[in-house]
Each structure stands twice: as C-alpha cells, then as structure tokens.
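Trainee: Structure incoming, see below.
The values are calculated or read from the model by the stated rules, or taken from the named source; none is laboratory data. Source: prediction; values computed, not measured. Don't worry about glycine lacking a Cβ; one is built from the backbone with ideal geometry, like all the others, and counts go over all protein chains shown. Surface accessibility is based on the protein's heavy atoms, side chains included, excluding ligands, DNA and RNA. Shrake-Rupley method; radii C 1.70, N 1.55, O 1.52, S 1.80 Å.
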Amino acid sequence: ANSPGRRMRSAEDMSRLAPFVDAAVSVDRTSFDNTYISYYTWGAAIALGLDLTLRDRSNGKTTLDDFMRALWQKHGKPGGKAPGYVDNPYTVADLKAALAAVAGDAAFAESFFARFIQGRELVDYGPLLERVGLVLRPAFPNTASAGRLRFQDVQGRTRITGPVPFGSPAYSAGLERDDVILAVAGTNVGSAVEVEQVIRRHKPGDELTIVFERRGQRATGRLRLEADPQLEIVRAESAGRTLSAEQRRARDEWLSSAARNVF
C-alpha cells in the first residue's frame, strides 16, 4: 500500500505490464520499484478490502466468497472443450455485473472498480479492520526514516543499489541509485548499519545534511526525515483495546469462512 507505484498505475494497469516485469521480455535495469506493484500482492490487498467492505455493508451476510462463487458458477464451472480452458471467459464488465448482483448495488460495484481497481485510490483499511477486532497501526511509531533504501557495503563505502522511492526524504534530498553515502548529520558513515544508526538517533521532522558521491563528484543534500511508513496489523487485545461482542463475532465469522472447494 505504501509503494509509490500505486500513484502511477491502477491494479488493472499493473496486470498489463506482466510481460515486462516477469522477465519475459527484458531484465534490463528499470525503475519499476517506483512505477509498478505486483498484481499478485496488490490484488490480494484489494481482495481483502472488498471482502471486509462487503461484510461491513451487509453485517456479515455477504462476503468475497459469494462474489467468487458467482464468478465460478458462470465462468469457471461450465468448463471448456479443451482441458485447461473455459468457453465463457469474463471481462471487466462481467466482474462489475457480478459484484453488483452479489452486493445488490450497481452503484457500489461501479464505484469500487472505478476507485480501487481501475483507479489508484487506497481502501480505508483502518475502520474495516477495526470492525473485525484488528488494529492497523505504525509498526515503528515515532521512529525516523529516510525512506526504504537498498544498500551494498563494499570496502568501507555504502552504495545505494536500488531506485530511490518517489516522494521519500532521500528522493527529496536528491539521492539516486549508485550514489555513495559519505556522511549523515556530520557523521562519517561506512556501512548501511551506520547510516541507519545515525538516522535512528533523530526524530521525524528533523532535517539533516547528507553528503554523497555521484560518479566521482561530491554533493550535499538536505534530508528531512519522516515517520517510518511501515504498518502492522494486530489484534485489538494486543493493542490494549477492549474487544466488543460484535467485533468478536465479526472476527470469528471472518476467520472461519464457510467456503469450501466443493462446487
């Protein structure tokens, strides 16, 4: 959800890029870390949002299981003349229609697809997870971060080895892949661990000077730290919250799906 690629393309767009990211065409260097999200993981996240939304709208009476079963009955179960194929493939319009029928609301189906599948919006997971007794929260609260960077340490020098995430403090400071980090906040650094240690000694919002080398030339940038963006999901009880009877019921129903592979 925190990947900058979500701002560039929708889940539908990501699926069309499969040949270019699965090494079917090219393994050349790209900036896909900034422009692409795997449709497998992102699709699973959207499916979670759809399941919880359907349960929330219907007080648990309608779920993702119902949606998938409806699609199977129309497009999968009939089978096809050749093994591994179906004679009644589906389109995006078919998916919308099935969701509209299951949810009993065509406007909802149209909106969900437009916002989260064909659009680039993010499902508001917090309230949906809260309904089933879970809490979405920062994994490392009050911890400073320069962004999710990949480093390689070679002979006392630390080089950035992957694309610098769009919008991250490191990106705003002017850092790029292959830059070598020399000093942070006036402290010389020779490893990724040392870079992280200096950053962790500060707090979100602090502005640090960062010195780096690019193609043999020394440069300086200003690194304005942000709160670590990593999130975690925990049970309400683990977060010190009281679980209501309704939340417990909803969570038990959610985690004990009645769906079975028997069609």
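Trainee: Using Cα centres only, tell me the gap between the stretch 94-113 and the stretch 1-76 in whole Å.
Mentor: With the stretch 94-113 and the stretch 1-76 each reduced to a Cα centre, they are spaced 17 Å.
Trainee: Follow-up question, since we're still on this one. To the nearest 20 debye, what charge dipole does the stretch 52-101 have about its Cα centre, counting +1 at the Cβ of each Lys and Arg and -1 at the Cβ of each Asp and Glu?
Mentor: 80 debye
Trainee: Using r as the Cβ-Cβ distance of SER256 and ARG157, and R0 as 51 Å, what FRET efficiency do you calculate, to the nearest 0.05?
Mentor: Once the sixth-power term is evaluated, E becomes 0.45.
Trainee: Could you check how much of the accessible area of the chain is carbon and sulfur, as a whole percent, using a 1.4 Å probe?
Mentor: Carbon and sulfur: 51 percent of the exposed surface of the chain.
Trainee: A further question follows. Any chance you could run the full-extension gain for ALA107 through GLU130? It's 0.36 nm times the residue separation minus the Cα-Cα distance, nm to one decimal.
Mentor: 5.8 nm
Trainee: Let me ask another. Given a cut-off of 24 Å, what percent of all Cα-Cα pairs of the stretch 1-145 lie beyond it?
Mentor: When all Cα pairs of the stretch 1-145 are counted, 45 percent exceed 24 Å.
Trainee: Tell me, what is the FRET efficiency for ARG16 and ASP56 to the nearest 0.05, using R0 = 30 angstrom and their Cβ-Cβ distance as r?
Mentor: Result of the calculation: an efficiency of 0.50.
Trainee: Next up: When the chain is modelled as a GNM with alpha-carbon springs shorter than 10 Å, which of TYR40, TYR85, TYR125 fluctuates the most?
Mentor: Comparing TYR40, TYR85, TYR125 in the GNM, the peak value goes to TYR85.
Trainee: Counting only heavy atoms of the protein chains, get the accessible area per residue of the chain (1.4 Å probe) and round it to a whole Å² value.
Mentor: Computed with neighbouring chains in place, this is 58 Å² per residue.
Trainee: Put +1 on the Cβ of every Lys and Arg and -1 on every Asp and Glu Cβ in the stretch 71-199; which of LEU175, GLY104, GLY76 then has its Cα farthest towards the positive end of the dipole?
Mentor: GLY76
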